[in-house]
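Coordinate-derived values only; no laboratory data. For clarity, every value in this text was computed on a predicted model and none was experimentally measured. Every residue, glycine as well, gets a Cβ built from its backbone with ideal geometry; the counts of neighbours run over all protein chains shown.
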């Protein structure tokens, strides 16, 4: 029997249930994976609440990424063998002991990672890469402002911004989160409660402003970011954990700025050529020890609601992983 977290009615994490199901037989080209860890992401929370752009038919199991070991392979599956340690990319279904997927959904896990790190890698770091490289075209010497720098995708952007040669300003809600951001390479730290971040950005850039803004927060953060940007800035809209922001179009015009939407998964579905370059760069950096998820919490599968609440209540620093027995 396989355990899985199941959404049978939309709502908060507490409405989910842990259920058991028999394993199903493999179809042609499929692979069976024993999941050892699953990453918690904000889209999971939005999806079970019915507030995400993808709305699976009920019932479904949430979770977009996992890591584990291959335990069965259909003869038609290519490039994978029993015993491989892999990352599983899914649109949903990762909060379970087992996954049956196409071999194309598997990626070798970096040898430097444990399963919790493997399960929290590609969604956050893939989003950061797509934002900074594909969409933001961040250049060496530019100033990058990262909001929510204590979160998983924010910390990924801090790490990657430094690798790409930018001066990184990390903004977060606690000293503990900023300490981790500093350890990951941030040049300047901004505590939201200590100083208006738009004043801090102007101060550390001598009034010039940020060239690229990485914003997974939205709301007032997005609106105030428009007041501390340099000429030609790119504001990268990653998400809306703080609400939907209102664009002051006069400020965008005055600074010759661009507001750019970021959807890493959808981008590769629309343009599959983007995927291999992204994955090659991320894997090379991971194997070299230059990037790594910061997993602040590892909880057993049965604590799925508690794990999701850590993100909702902003208590995680980096990533949260569910661990399977």
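Below is a table of values for the structure above.
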| quantity | calculated |
| --- | --- |
| Residue-span extension gain [residue 27 to residue 303] - 0.36 nm each, minus C-alpha spacing | 96.2 nm |
| Extension gain, residue 18 back to residue 193 (0.36 nm per residue minus Cα-Cα distance, nm) | 59.1 nm |
| Computed E for residue 202/residue 288 - FRET, C-beta separation, R0 30 angstrom, nearest 0.05 | 0.25 |
| Counting DSSP beta bridges with both ends in the chain, the antiparallel % (nearest 5) | 55 percent |
| Convex hull volume per residue in cubic angstrom - Cα atoms of the range 123-266 | 92 Å³ |
| Gain upon complete extension [residue 325, residue 251; 0.36 nm per residue less C-alpha separation] | 21.4 nm |
| Max mean-square fluctuation residue, GNM over the chain, Cα-Cα springs under 10 Å, options 49, 75, 99 | 75 |
| Angle between the chain longest axis and helix 152-163 axis [Cα atoms, degrees, rounded to 10] | 60 degrees |
| Volume in Å³ per residue [convex hull over Cα atoms, computed for the range 244-308] | 217 Å³ |
| Neighbour-count ranking [beta-carbon atoms within 10 angstrom, fewest first] of 107, 249 | 249, 107 |
| For Cα extents along the principal axes in Å, calculated from these coordinates, the label among (1) 62, 38, 34; (2) 73, 57, 37; (3) 68, 50, 36 | (1) |
| DSSP-defined antiparallel bridges as percent of all bridges, the range 123-266, nearest 5 | 0 percent |
| 12 Å cut-off, amide nitrogen to a point 7 angstrom out along residue 280 Cα→Cβ, residues in the range 78-112 | none |
